[in-house]
Amino acid sequence: MKRAFALLTVPALAIALTACGNDEGSTGQPAPSHSMPGHSASPGGAQAGPHNGQDVMFAQMMIPHHRQAVEMAGLAATRASSAQVKALAADIKKAQEPEIQQLSAWLKGWGSPVPSPGTTGMGGMHHGGMDGMDGMMSEKDMKELEAAKGGAFDKAFLEMMIEHHEGAVAMARTEESAGRFPPAKQLAGKIISSQTAEIARMRTLLKQ
């Protein structure tokens, strides 16, 4: 009986091992492993890496914040009278548009929603009711800025963008202290440095 049982067990074991081996696919190569949470691959092949809820919040809030800054800066090309204001606005667009793309890529890599363009600026809902607490302009503010021209636009743009930048710096400081994803914390440091310098630049322009 023992011999008969052994003869039956060996073929059964071989079949089981063969079935397990089918996970490798028809090529004989190992099947792709599933990414663990916090380690998803982001677009472009870069690993998203370990992150936390603060990193996600930072990206989801900074995207509409940046979009509104870009929208405001876009108005300067045809409404500003100061060449310095126009140059500042162009610098803001140049810096923040790539950051929007980077933040969006991280969110996609983490499997988190990317805010739609409708969540920014004129006519859009503001993320988490951000008005007044992070420098986001209201719909009324944006309409007033759009209607202004010349020196009146320059003054309104500078005053609004200073408030807007101060909000971004506050958000970035929170990311630096509470975030986990190193590239996001590095971007936060860059935002603090660059936008603090731009705030000083805008205050100087207001005095002229």
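Just so it is clear, none of the values below were taken in a lab; they were calculated from the coordinates. Bear in mind that the values here come from a model prediction, so they are computed numbers and not experimental data. Counting neighbours? That spans all protein chains shown, and the Cβs are built from the backbone with ideal geometry, glycine included.
Some notes on this structure:
- Environment charge of Glu146, counting only residues whose C-beta is closer than 13 Å and scoring Lys/Arg +1, Asp/Glu -1: 0
- Ser81-Ser177 FRET efficiency (beta carbon distance; Förster radius 30 Å; 0.05 resolution): 0.15
- The string of couplings for region 49-65 from the Karplus curve (6.51, -1.76, 1.60, θ = phi - 60°) is x, x, 8, 10, x, 5, 4, 5, 4, 4, 5, 5, 8, 6, 4, x, 5 Hz, one whole number per residue in order, with x for Gly and Pro.
- With a threshold of 32 Å on the Cα-Cα distance, the over-threshold entries among Lys93/Lys207; Lys108/Lys155; Lys143/Lys185; Lys108/Lys149; Lys86/Lys190 are Lys108/Lys155; Lys143/Lys185; Lys108/Lys149.
- Other residues whose C-beta falls under 13 angstrom from the C-beta of Gln60 contribute a net charge of -1, scoring Lys and Arg +1 and Asp and Glu -1.
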